[in-house]
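K.L.:
After the structure tokens below, expect a handful of questions from me.
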Amino acid sequence: MNWTVSNQLTAARVLLIPLFALVFYLPGRVGHMGSAALFALAAATDWLDGYLARSRNEVTAFGRFLDPVADKLLVATALTLLVEAGHAPALLAAIIIGREIVISALREWLAHASSIVHVSWLGKWKTAVQMAAILLLLLHERLFGVDMHLAGMALLWMAALLTLWSAWEYLSNAWDELIQPSTPQKTNPPTGKDNQTETQD
């Protein structure tokens, strides 16, 4: 495996998640500010590792695998903690996390079918609004005369709507592939004493 700088940043983002969760449970302002700062740092590495991978021509198979995994782990952890603390509705968290599960499964299926559905600008906007919403909800306090919790809730509702919209767009773009009849797998003729048949997974 080519352990590039971008891959190191992605791995660091994964390692930040347990620390982020621990800091979240610190009482009062320390927990709010500390967890928000760590979440912002992790989100920044998401942009930076992608930029470095493209600009330095260091895109690797490992990076393509780990980067979306790190993103989903970070978002799912943050939303779960916010719901547990009563700072975010479980319904919105379920919509956002459920969409990620469905689209991840769809992408894996399309990869096996040798098909690609590219990420749209709508999906990128969804991610940006989602990250901003989580950051404000983690702050959970009034700063600069603005109630961060209320602002975060407004953005989280917007993120949930964009989540549903982008999921519909993704599924509609992949619909022709989904409804195509499956091609039967070929099997090898029986061999050996026991006449066993080998099949591909």
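K.L.:
Looking at S6 and the list (1) in a loop (DSSP other than H, G, I, E, B); (2) in contact (Cβ under 8 Å) with a residue 24 or more places away in the chain; (3) not aromatic (F, W, Y), which single condition is not satisfied?
P.N.:
Failing condition for S6: (1).
K.L.:
Additional query: Do we find that I116 is surrounded by fewer than 17 Cβ atoms within 10 Å (Cβ to Cβ), modelled with pLDDT under 85, under 26 Å from L162 (Cβ atoms) and β-branched (V, I, T) in this structure? Spell out how you get there, then give the answer.
P.N.:
Details: surrounded by fewer than 17 Cβ atoms within 10 Å (Cβ to Cβ): yes; modelled with pLDDT under 85: yes; under 26 Å from L162 (Cβ atoms): yes; β-branched (V, I, T): yes.
Taking the combined requirement at face value, the residue satisfies it.
K.L.:
Is it fair to say L156 is closer than 18 Å to S35 by Cβ, in contact with a Ser or Thr (Cβ under 8 Å, 6 or more places away or on another chain) and modelled with pLDDT of 65 or more?
P.N.:
On the way: closer than 18 Å to S35 by Cβ: yes; in contact with a Ser or Thr (Cβ under 8 Å, 6 or more places away or on another chain): no; modelled with pLDDT of 65 or more: yes.
In short, no.
K.L.:
Is the stretch 23-45 home to any residue that is over 23 Å from H149 (Cβ atoms), hydroxyl-bearing (S, T, Y), part of a helix (DSSP H, G or I) and out of contact with any strand residue (DSSP E or B) (no Cβ under 9 Å at 6 or more places or on another chain)? Full working, then the answer.
P.N.:
The first filter runs over the stretch 23-45 and keeps only residues over 23 Å from H149 (Cβ atoms), leaving 45.
Pick out the ones that are also hydroxyl-bearing (S, T, Y) and you get 45.
Now drop any that are not part of a helix (DSSP H, G or I), which leaves 45.
Checking which are out of contact with any strand residue (DSSP E or B) (no Cβ under 9 Å at 6 or more places or on another chain) leaves us with 45.
Scanning the stretch 23-45, I find at least one residue that is over 23 Å from H149 (Cβ atoms), hydroxyl-bearing (S, T, Y), part of a helix (DSSP H, G or I) and out of contact with any strand residue (DSSP E or B) (no Cβ under 9 Å at 6 or more places or on another chain), so the answer is yes.
K.L.:
Within the stretch 141-148, does at least one residue satisfy the condition of being under 17 Å from A78 (Cα atoms) and free of Cβ contacts under 8 Å to residues at least 40 places away in the same chain?
P.N.:
yes
K.L.:
Check off (1) among the charged types (D, E, K, R); (2) at pLDDT 85 or above; (3) loosely packed, with under 11 Cβ neighbours inside 10 Å for K186 and give me the number that stays unchecked.
P.N.:
Of (1) among the charged types (D, E, K, R); (2) at pLDDT 85 or above; (3) loosely packed, with under 11 Cβ neighbours inside 10 Å, only one is false for K186: (2).
K.L.:
Same structure, new question: Of a type in the set (A, V, I, L, M), farther than 21 Å from M158 by Cα, modelled with pLDDT of 95 or more and surrounded by fewer than 21 Cβ atoms within 10 Å (Cβ to Cβ), is that true of A37?
P.N.:
Numbers: of a type in the set (A, V, I, L, M): yes; farther than 21 Å from M158 by Cα: yes; modelled with pLDDT of 95 or more: yes; surrounded by fewer than 21 Cβ atoms within 10 Å (Cβ to Cβ): yes.
It is true that A37 is of a type in the set (A, V, I, L, M), farther than 21 Å from M158 by Cα, modelled with pLDDT of 95 or more and surrounded by fewer than 21 Cβ atoms within 10 Å (Cβ to Cβ).
K.L.:
Oh, and also: Within the stretch 120-133, does at least one residue satisfy the condition of being surrounded by fewer than 13 Cβ atoms within 10 Å (Cβ to Cβ), at pLDDT 65 or above and over 18 Å from A36 (Cα atoms)? Reasoning before the result, please.
P.N.:
Of the stretch 120-133, the ones surrounded by fewer than 13 Cβ atoms within 10 Å (Cβ to Cβ) are 121, 124.
Then drop every residue that is not at pLDDT 65 or above, which leaves 121, 124.
If we keep only those that are over 18 Å from A36 (Cα atoms) too, we end up with 121, 124.
The answer is yes, given that some residue of the stretch 120-133 is surrounded by fewer than 13 Cβ atoms within 10 Å (Cβ to Cβ), at pLDDT 65 or above and over 18 Å from A36 (Cα atoms).
K.L.:
Looking for something touching a residue at least 60 places away in the same chain (Cβ under 8 Å), of a type in the set (V, I, T) and surrounded by fewer than 16 Cβ atoms within 10 Å (Cβ to Cβ) - is there at least one such residue anywhere in the stretch 93-104? Before the answer, list the steps.
P.N.:
Taking the stretch 93-104 first, the residues touching a residue at least 60 places away in the same chain (Cβ under 8 Å) are 95-96, 99, 102-103.
Next, only the ones that are of a type in the set (V, I, T) stay: 95-96, 102-103.
Now restrict to residues that are surrounded by fewer than 16 Cβ atoms within 10 Å (Cβ to Cβ): 102.
The answer is yes, given that some residue of the stretch 93-104 is touching a residue at least 60 places away in the same chain (Cβ under 8 Å), of a type in the set (V, I, T) and surrounded by fewer than 16 Cβ atoms within 10 Å (Cβ to Cβ).
K.L.:
So, one more: Please find, within the stretch 15-27, the residue that is farthest from the chain's Cα centre (by Cα) out of those that are closer than 17 Å to I134 by Cα and exposed (fewer than 15 other Cβ atoms within 10 Å of the Cβ).
P.N.:
So in the stretch 15-27, the residues closer than 17 Å to I134 by Cα come out as 16-25.
With the extra rule that they be exposed (fewer than 15 other Cβ atoms within 10 Å of the Cβ), the set shrinks to 18-19, 22, 25.
Values: P18: 16, L19: 19, L22: 21, Y25: 23 Å.
This residue is Y25.
The values are calculated or read from the model by the stated rules, or taken from the named source; none is laboratory data. This is a predicted model, so every value here is computed, not measured. Glycine gets a Cβ as well: all are built from the backbone with ideal geometry, and neighbour counts include every protein chain shown.
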